Amino acid sequence: MHRFLLPLSVAVFAMPAAAATPTPPGAHDTYSAAAGPAGEAAAALTLPAALALAMRANPDLSAARHEAAALDGAAQQARALPNPQLQTLVEDSRRATRSTTVLLNQTLELGGQRGARIDAARHGRDGAAHDLGGERAETHALLHVALV
């Protein structure tokens, strides 16, 4: 136990010292909005390039894309049929008086339950697609106003 305690404590106490070591300025700057990748000459940012960058890096758009993808999965799950269930029941542990029961259950959806579930999932997916389109339009408009 003591053989492992000393190296572990040395490692734990060395980590804050390594994290507190100052880094030279610009060491973490891999991309600058005006200059592009580090080391390249500064280039003018065009509207199409800025729009492509905003569409790729905007966190609100990313969240809307992920929400739309999640609701696509929910719609796919809503179309799936319920799985059958297999159950076993063993009564009594003695061989002479033991009884074993095996049950196979399949859910039957009546009254349009499956159709309603599919419609609800489809409406949720459509709403997420409209939200994503709205976020894209808003990002495009804000960027256009900012750069033009």
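The table below lists the values:
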item	result
Tally, over the range 109-126, of residues that are free of Cβ contacts under 8 Å to residues at least 40 places away in the same chain and surrounded by 11 or more Cβ atoms within 10 Å (Cβ to Cβ)	9
Flag for residue 140 being modelled with pLDDT under 95, closer than 30 Å to residue 45 by Cα and surrounded by 11 or more Cβ atoms within 10 Å (Cβ to Cβ)	yes
All positions within the range 71-108 that are closer than 30 Å to residue 131 by Cβ and either open to solvent by 60 Å² or more (accessible area, probe 1.4 Å) or without any contact (Cβ under 8 Å) to a residue 12 or more places away in the chain (or both)	72, 73, 76, 77, 79, 80, 81
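The values are calculated or read from the model by the stated rules, or taken from the named source; none is laboratory data. Predicted model only: the values in this text are computed from it and were never measured. All Cβ positions, even for glycine, are placed from backbone atoms using ideal geometry, and neighbour counts span all protein chains on display. With ligands, DNA and RNA removed, areas are computed over all heavy atoms of the protein, side chains included. Shrake-Rupley method; radii C 1.70, N 1.55, O 1.52, S 1.80 Å.
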